[in-house]
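Taking it in order: structure first as structure tokens, then the write-up.
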Amino acid sequence: MANAPYVSGTLVNLRPLDAADAPVLVRFLNDPAVHGTLLLWRPVTEERERDFLSRMAASENDVVLGIERRTDGVLLGVTGLHGIDWRDRHAQFGIFVGDPAEWGKGYGGEATVLVSRIAFERLDLHRLWLHVYATNGKAARAYERAGYVREG
């Protein structure tokens, strides 16, 4: 049974992740098309992914949410805020849509906007930042449409 949505948009729900999501996430993360867009350097195992999900669920400085399609509840990817600095009010934003067949359909863009709203409106953060490879122009343009500004 999927977790109840934490926040909903038009296309996606953002919901808590749990250990039952690990097999799907491992398949996504080990796909070369996805892996090549992330700051990963080695393959992901189910054990490591379950450990990651457990650490994120217990973390006071990370908010990690599954992206699921509203129409059918299918898990599409993950998004969240990492290393939240509560004193200086900033965090690193992260996101991936795990099935390349679902890229370009607006799911990641909407999830980006929803997480940004959580950061600024619910958590009272002042700044979000992220890494994006120069070769990932589509993602860079999506972030800019969501209000992110290119630095460096």
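The values are calculated or read from the model by the stated rules, or taken from the named source; none is laboratory data. Quantities reported herein were computed from a predicted structural model and do not represent experimental measurements. Here Cβ is always computed from backbone atoms with ideal geometry, including for glycine, and neighbour counts include all displayed protein chains. Just the protein is used for accessible areas: all its heavy atoms, side chains included, with ligands, DNA and RNA removed. Shrake-Rupley method; radii C 1.70, N 1.55, O 1.52, S 1.80 Å.
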Compute the Cα gyration tensor for segment 95-152, then decide on rounded, prolate or oblate, letting a ≥ b ≥ c be the square roots of its eigenvalues: rounded whenever a/c is under 1.5, prolate when a/b is larger than b/c in the other cases, and oblate in all that remain.
oblate
Protection-proxy order for peptides 77-84, 62-69, each taking the mean of Cβ atoms within 10 Å per residue, highest first
62-69, 77-84
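Treat every Asp and Glu Cβ in the chain as -1 and every Lys and Arg Cβ as +1, leave all other atoms uncharged, and give the resulting dipole magnitude about the Cα centre to the nearest 20 debye.
Details: 18 positive and 20 negative charges, 85 e Å.
Roughly 400 debye, rounded to the nearest 20.
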Given the whole protein assembly as supplied and a 1.4 Å probe, what does the accessible area of Lys105 come to in Å², nearest 10?
100 Å²
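Over the chain, with the other protein chains present, what is the accessible area per residue in square angstrom, probe 1.4 angstrom?
I get 58 Å² per residue for the chain.
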Work out how far the C-alpha atoms of segment 1-107 reach from end to end along every principal axis, then list the three figures in whole Å, largest first.
40, 34, 27
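Taking a ≥ b ≥ c as the square roots of the Cα gyration tensor eigenvalues, with a/c under 1.5 meaning rounded and otherwise prolate when a/b beats b/c, else oblate, which class fits segment 27-75? Could you put the intermediate results ahead of the total?
Details: a/c = 1.77, a/b = 1.03, b/c = 1.72.
Oblate, since a/c reaches 1.5 and b/c is not below a/b.
Can you tell me the length gained on complete extension of the stretch Arg70 to Gln92, counting 0.36 nm per residue apart and subtracting the Cα distance? Could the numbers behind the result be given before it?
Details: separation 22, 0.36 × 22 = 7.92 nm, distance 2.56 nm.
The Arg70-Gln92 span can extend by a further 5.4 nm.
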Residue (of Thr10, Gly94, Tyr143) at the positive-pole extreme of the chain, dipole from beta-carbon charges
Tyr143
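Give me the percent of the accessible area of segment 24-112 that comes from carbon and sulfur atoms, probe 1.4 Å, all protein chains in place. Don't skip to the answer; put the middle values down first.
Values: 2450 of 4620 Å².
After summing per-atom areas, the C and S share lands at 53 percent.
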What are the principal axis extents of the Cα atoms in segment 59-121, in Å, biggest first?
39, 20, 18
